Amino acid sequence: MTLRLLLIRHGLSSYNREKRIQGRNDLSTLTPEGVSQASKIGEALKGLPIHAIYSSPLRRASDTASELLRVHSTSKNLIIDNDLLEIDLAPWSGLTVDEVKSKFPNSYQTWKKSPNELTLKREDGITYNPIQELMDQAERFLSRIFATHKSDKNENIVLVAHNAILRCLILKLLGSPKAGLRRIRLDNASLSIFNIEIDNRIQVGVQIESLNSTTHLKPTFPSKGKHGRMILVRHGETDWNKEGRFQGQIDVPLNNNGKQQAVAAGLFLKDVNFDRVYSSCMSRPTETAKIILGTHPPIAIKAKSDLKEISHGLWEGKLESEIKSDWGELLLAWQTSPENVQMPEGESIKDVSDRATKCWENIRNSLSPDETVLIVAHDAVNKTILCNILGLTNSDIWKVKQGNGAVSIVDISEDNALPDVVTCLNITSHLGGIIDTTAQGAL
């Protein structure tokens, strides 16, 4: 069975607005804007059946969940779960960020740069590690969810909670990548969707369908920080995507639907000022980039051969059923251990990752703080780039979804000691609805 987990961060709270540390303090409440954000999440989820909804007991989360349920008009009862409580930062709770910086300068720097190493002291004098406690809490919650929802039916499970606990849940789902807490961003009232394959109450597969989507709000995507922003788009649909053929480096053009997807991506990004635009040298991403730029001032597209799709070699142009008959064992290995596969007369995923991430990093390192770039490429290329930024490996490419016309956003870290941040991943709402319904294609 597959569980679709819909992770929602609570709406804007009074402490968020005042830039105060909240933690498990329950003095913070939703602002009027936060209530409005919760209503908009409910509207966005209309039409999607909710099989269960869980919330942190803290008011800013439970009030978000209650407002969501009111607007969604579902009859499901809200389940309060203490394992969705926010991180325990008791010594700092209620203080502004500036006050914490002033009173606890060393601990605050640890929190920002190495949060897993932060230790704090409770009123009883006991020292504890907030992140380790939260990771244990996340593991307990997920184990209980997998054991509870064990029917043969696919289910949509809504979780309404807080920034840190939601990030820890995500990290547990992804296998706890190194420095993962600082690699992702979750805005107030954001929606992240994970597809979880469950077998005998155990997680056997995970896919990020979307991360930190705020398209149901205004503005439609999170604000840019003080450094460069890189917007990564997958090309629009081709006939071979629709048919499930392995394309690779055969230059298959966009079909009509793919062109419309590019138009929708352009409208979605119409208010973004692109300082530079890069594309794979192949026609389908180049055409996608040209269509997107139809809503922008003229700008040259710089073609990059290192961004071209993986070479599937002898598999190119074939359906999965055709490949299975001649390369059954290799196809199974590709589907289960892609990092170990060398395509017959083609590339390995490592080949793709090496050239694509090198190209990405060259562009990244050339950006000035105020610049925003658009990069249009392919499924395998985008997946390897995003895995690298998330701290994942080449074995994890199936954990990252990249729909045709999908938009992902990466913000360059303001501190060279910290990783860059995946601000949004695989946003396809501009193509209709919160669920990615683009062609599954073949990779």
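Out of everything in the stretch 12-47 that is among the hydrophobic types (A, V, I, L, M, F, W, C) and either touching a strand residue (DSSP E or B) at 6+ places or on another chain (Cβ under 6 Å) or crowded, with 19+ Cβ neighbours inside 10 Å (or both), what residue ends up being nearest to LYS76 (Cα to Cα)? Quick ask: steps written out before the conclusion?
Looking only at the stretch 12-47, we keep the residues that are among the hydrophobic types (A, V, I, L, M, F, W, C), and these are 12, 21, 27, 30, 35, 38, 41, 44-45.
Within this subset, residues satisfying the condition of being either touching a strand residue (DSSP E or B) at 6+ places or on another chain (Cβ under 6 Å) or crowded, with 19+ Cβ neighbours inside 10 Å (or both) are 12, 21, 30, 38, 41, 44-45.
Working: LEU12: 24, ILE21: 32, LEU30: 22, ALA38: 17, ILE41: 16, ALA44: 17, LEU45: 14 Å.
Looking at residues that are among the hydrophobic types (A, V, I, L, M, F, W, C) and either touching a strand residue (DSSP E or B) at 6+ places or on another chain (Cβ under 6 Å) or crowded, with 19+ Cβ neighbours inside 10 Å (or both), I get LEU45.
Restricting the search to the stretch 302-315, which residues are under 16 Å from ARG234 (Cα atoms) and crowded, with 18+ Cβ neighbours inside 10 Å?
Within the stretch 302-315, LYS304, LEU307, LYS308, GLU309, ILE310 meet the criteria.
All but one of (1) under 16 Å from the mean Cα position of the chain (by Cα); (2) farther than 23 Å from ALA161 by Cβ hold for ALA262, so report the exception by its number.
Condition not satisfied by ALA262: (1).
With respect to LYS350, determine if the residue is crowded, with 17+ Cβ neighbours inside 10 Å, among the charged types (D, E, K, R) and either assigned by TED's automatic domain parsing to the domain that holds ILE291 or within 22 Å of the chain's Cα centre (by Cα) (or both).
no
For residues in the stretch 48-73 being closer than 22 Å to LEU169 by Cβ and of a type in the set (Ser, Thr, Tyr), which is surrounded by the most Cβ atoms within 10 Å (Cβ to Cβ)?
If we take residues in the stretch 48-73 being closer than 22 Å to LEU169 by Cβ and of a type in the set (Ser, Thr, Tyr), then THR64 is surrounded by the most Cβ atoms within 10 Å (Cβ to Cβ).
Quickly run through the stretch 390-443 and pick out the residues that are over 27 Å from SER337 (Cβ atoms), of a type in the set (Val, Ile, Thr) and free of Cβ contacts under 8 Å to residues at least 60 places away in the same chain.
Of everything in the stretch 390-443, just one residue is over 27 Å from SER337 (Cβ atoms), of a type in the set (Val, Ile, Thr) and free of Cβ contacts under 8 Å to residues at least 60 places away in the same chain, namely THR437.
Among the residues of the stretch 126-137, are any of a type in the set (A, V, I, L, M, F, W, C), at pLDDT below 95 and assigned by TED's automatic domain parsing to the domain that holds SER66?
Within the stretch 126-137 (the criterion being of a type in the set (A, V, I, L, M, F, W, C), at pLDDT below 95 and assigned by TED's automatic domain parsing to the domain that holds SER66), the answer is yes, since at least one residue qualifies.
From the list PHE141, PHE104, which one is of a type outside the set (S, T, N, Q), assigned by TED's automatic domain parsing to the domain that holds LEU169 and in contact (Cβ under 8 Å) with a residue 40 or more places away in the chain?
PHE141
Would you mind telling me which numbered condition in (1) outside the structural domain of VAL373 (by TED's automatic domain parsing); (2) of a type in the set (Ser, Thr, Tyr); (3) under 28 Å from THR336 (Cβ atoms) THR220 fails?
Unmet for THR220, out of (1) outside the structural domain of VAL373 (by TED's automatic domain parsing); (2) of a type in the set (Ser, Thr, Tyr); (3) under 28 Å from THR336 (Cβ atoms): (3).
The values are calculated or read from the model by the stated rules, or taken from the named source; none is laboratory data. Remember, it's a predicted structure, so these values are computed and weren't measured experimentally. A quick note on method: Cβ atoms are made from the backbone with ideal geometry, for glycine too, and the neighbour counts reach across all protein chains shown.
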